[in-house]
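A short worksheet on the structure shown next.
The values are calculated or read from the model by the stated rules, or taken from the named source; none is laboratory data. All of these numbers come straight from a predicted model, not from anything done at the bench. As a convention, Cβ positions derive from the backbone with ideal geometry for all residues, glycine included, and neighbour counts pool all protein chains shown. Surface areas here come from the heavy atoms of the whole protein model, side chains and all, with no ligands, DNA or RNA. Shrake-Rupley method; radii C 1.70, N 1.55, O 1.52, S 1.80 Å.
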Amino acid sequence: MSEREPGFTPNEMMTIAASRALKNEDVCFVGIGAPSAACNVARLTHAPDITLIYESGTIGTAPQVLPLSIGDGELCDTAVTTVSVPEMFRYWLQGGRISIGFLGAAQLDKFGNINTTVIGDYLHPKTRLPGGGGAPEIATSSKEIYITMAQSKRGMVETIDFYTSFGHGEGGDHRKRLGIETSGPTLLITDLAIWKPDLDTKEFTVVSLHPGVSRAEVQATCGWTVKFTDALEETPAPTALELKTLRDLQARTKAAHAGTGKEKAA
């Protein structure tokens, strides 16, 4: 394992790198967890006008603490408006109004297919996961999909145990052959690297290593043979502003979920 750069953790690097991918004009369908942290760091730094939408129907929400779930009252309290779930999916998502769907994954393969349903055989699973929720629809109806997850051989596998959210299927033009016209996964941000799909095969390829990370470390935590672009870059380290924004957000969240009320003063 390579020596880490001082001053920030791998998860902080992952969250900040993911936040940088978002633009001020994006309309983003946000998943809970790491995607939510990344999207809100973007909103609090370089993309103040980004429109964040959560599955419960909250549109233009601006939470001051990270939500525990899509039903967290913080989302509704800070939203421009809240619509019904059928309207959210039919008008906003299926209507082509979402530019970025930001998802996490329990299992992921090299073509961006996501499993959040079961580990092992479906009828006799080793672990039963939370399920897809709206993620299958997000994966096919959003114009692009960004994925964020920490790397491990258990999570990044050659073949996922269950197709919850369709990425690029078997690779190549599989999406188009199925009549799916959206771009699918276009970016994967892990705690070690930034990945993009090959233009032809659609296999995720490492385009940037985070500071202090080696190729060997990326391969050691991935279940398939990793491909690296010829023009491999190094991800810029977090700035002081990015780190402060993320850490303040996490501190407010911790205080709020502990019930101290300190988040109001932050």
Practice prompt. Exactly one condition in (1) open to solvent by 20 Å² or more (accessible area, probe 1.4 Å); (2) touching a strand residue (DSSP E or B) at 6+ places or on another chain (Cβ under 7 Å) is not met by residue 254; state its number.
Written response: (2)
Discussion item. Can you go through 52, 22 and tell me which one is part of a strand (DSSP E or B) and either open to solvent by less than 30 Å² (accessible area, probe 1.4 Å) or β-branched (Val, Ile, Thr) (or both)?
Written reply: 52
Practice prompt. With the checklist (1) crowded, with 17+ Cβ neighbours inside 10 Å; (2) modelled with pLDDT under 95; (3) more than 22 Å from residue 190 (Cβ to Cβ) in hand, flag the one item residue 98 doesn't pass.
Written response: (2)
Response to the item:
All-but-one check, residue 43 against (1) touching a residue at least 24 places away in the same chain (Cβ under 8 Å); (2) crowded, with 18+ Cβ neighbours inside 10 Å; (3) not aromatic (Phe, Trp, Tyr), failing number (1)
Fill in: Subset of segment 27-40 [open to solvent by 10 Å² or more (accessible area, probe 1.4 Å) and touching a strand residue (DSSP E or B) at 6+ places or on another chain (Cβ under 6 Å)]
27, 31, 34
Item to complete: Note down all Cβ pairs under 7 Å where the first residue falls in segment 143-162 and is farther than 27 Å from residue 92 by Cα and among the small types (Gly, Ala, Ser), the second is open to solvent by less than 70 Å² (accessible area, probe 1.4 Å) and in a strand (DSSP E or B), and they're at least six residues apart or on different chains.
Response: 150/190; 155/107; 155/108; 155/149
Discussion item. Suppose we filter segment 75-95 for residues that are surrounded by fewer than 20 Cβ atoms within 10 Å (Cβ to Cβ) and part of a helix (DSSP H, G or I); how many remain?
Written reply: 10
Practice prompt. Take residue 225 and decide whether it is out of contact with any Gly (no Cβ under 8 Å at 6 or more places or on another chain), at pLDDT below 95 and open to solvent by 30 Å² or more (accessible area, probe 1.4 Å).
Written response: no
Worksheet item: When you look at residue 144, is it in contact with a helix residue (DSSP H, G or I) (Cβ under 9 Å, 6 or more places away or on another chain) and either on the phi > 0 side of the Ramachandran plot or among the acidic types (Asp, Glu) (or both), yes or no?
Response: no
Response to the item:
The number of residues in segment 24-35 that are under 15 Å from the mean Cα position of the chain (by Cα) and modelled with pLDDT of 95 or more is 4
Worksheet entry | Failed criterion for residue 184 (all others in (1) small (Gly, Ala, Ser); (2) surrounded by 20 or more Cβ atoms within 10 Å (Cβ to Cβ); (3) closer than 22 Å to residue 215 by Cβ hold) | (3)
Worksheet item: Taking the stated definitions as given, is residue 202 in contact with a strand residue (DSSP E or B) (Cβ under 9 Å, 6 or more places away or on another chain), open to solvent by 60 Å² or more (accessible area, probe 1.4 Å) and more than 20 Å from residue 33 (Cβ to Cβ)?
Response: no
Practice prompt. Have a look at 150, 106, 135 and point out the one that is modelled with pLDDT of 95 or more and either hydrophobic (A, V, I, L, M, F, W, C) or under 21 Å from residue 18 (Cα atoms) (or both).
Written response: 150
Discussion item. Please go through segment 101-115 and give me each residue that is closer than 14 Å to residue 162 by Cα and open to solvent by less than 30 Å² (accessible area, probe 1.4 Å), ordered by number.
Written reply: 105, 107, 108, 109, 112, 113, 114, 115
